[in-house]
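The values are calculated or read from the model by the stated rules, or taken from the named source; none is laboratory data. Nothing here was measured: the structure is a model prediction, and the numbers come from that model. Quick reminder, even Gly has a Cβ in these numbers, built from the backbone with ideal geometry, and neighbours come from all protein chains shown. All accessible areas refer to the heavy atoms of the entire protein, side chains included, with ligands and DNA or RNA removed. Shrake-Rupley method; radii C 1.70, N 1.55, O 1.52, S 1.80 Å.
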Amino acid sequence: MYALVLLNFIVPFVMVLVGYLLKKYPVKDMGSQNGYNTPASRKSQEHWDYAQGIAPGIFMGIGKWSGIAELMLTIFLFAGKAPVGCFLAAGSALGFSCLILAFYKTETRIKEKFVV
């Protein structure tokens, strides 16, 4: 049953993996539907290039911190002998909050750079 706790580490792992892949293989073509593809990043080629440059670092950084936070949360819950459902709920909430934070931070930096 406690093997389910490993599911909490999927979101941080995927964030770091996607950030790494975007950094290693940057997407130059806006029409490819790959890369960091949001309305703010598709406004112009300049927006696109900037977003492709900053998104990998943000996602890898927040993904790494999310993984560390998940580990500390897991240790804390194990020490408190919490039920497995609490592990999954808390870990999922933390992971998805960090994912939303990564998108928010990237979008905010794009908008700050291109203030009209």
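Laid out as a table, the results:
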{"item": "Whole-percent carbon and sulfur share, accessible surface of the chain, 1.4 Å", "result": "71"}
{"item": "Between 0 and 90°, nearest 10: helix 84-113 axis offset from the chain longest Cα axis", "result": "20"}
{"item": "For the chain: relative contact order, % (alpha-carbon pairs under 8 angstrom, 6 or more apart)", "result": "38"}
{"item": "Per-residue [θ]222 nm for the chain (sum of -39500 (n - 2.57) over DSSP H runs n ≥ 4, rounded to 500)", "result": "-24500 deg cm²/dmol"}
{"item": "Additional length obtainable on full extension of the chain from TYR20 to ASP49, 0.36 nm per residue less Cα span", "result": "8.8 nm"}
{"item": "Among THR106, THR74, THR38, residue whose mean-square fluctuation peaks in a GNM of the chain (springs only between Cα atoms under 10 Å)", "result": "THR38"}
{"item": "GNM top mover of ALA102, ALA89, ALA55 - the chain, alpha-carbon springs below 10 Å", "result": "ALA89"}
{"item": "Accessible solvent surface per residue of the chain, calculated while the other protein chains remain in place, 1.4 angstrom probe, Å²", "result": "62"}
{"item": "Volume in Å³ per residue [convex hull over Cα atoms, computed for the chain]", "result": "102"}
{"item": "Check: the chain dipole with +1 on Lys, Arg Cβ and -1 on Asp, Glu Cβ, in debye", "result": "100"}
{"item": "Cα long-axis angle, helix 45-79 against the chain (0 to 90 degrees, to the nearest 10)", "result": "10"}
{"item": "Pairwise Lys count, the chain - Cα closer than 30 Å, eight or more residues apart or different chains", "result": "24"}
{"item": "Computed lengthening from LEU7 to ALA79, 0.36 nm per intervening residue step minus Cα-Cα distance", "result": "24.0 nm"}
{"item": "Cβ-based charge dipole, the chain, positive-most Cα from GLY67, VAL84, ALA51", "result": "ALA51"}
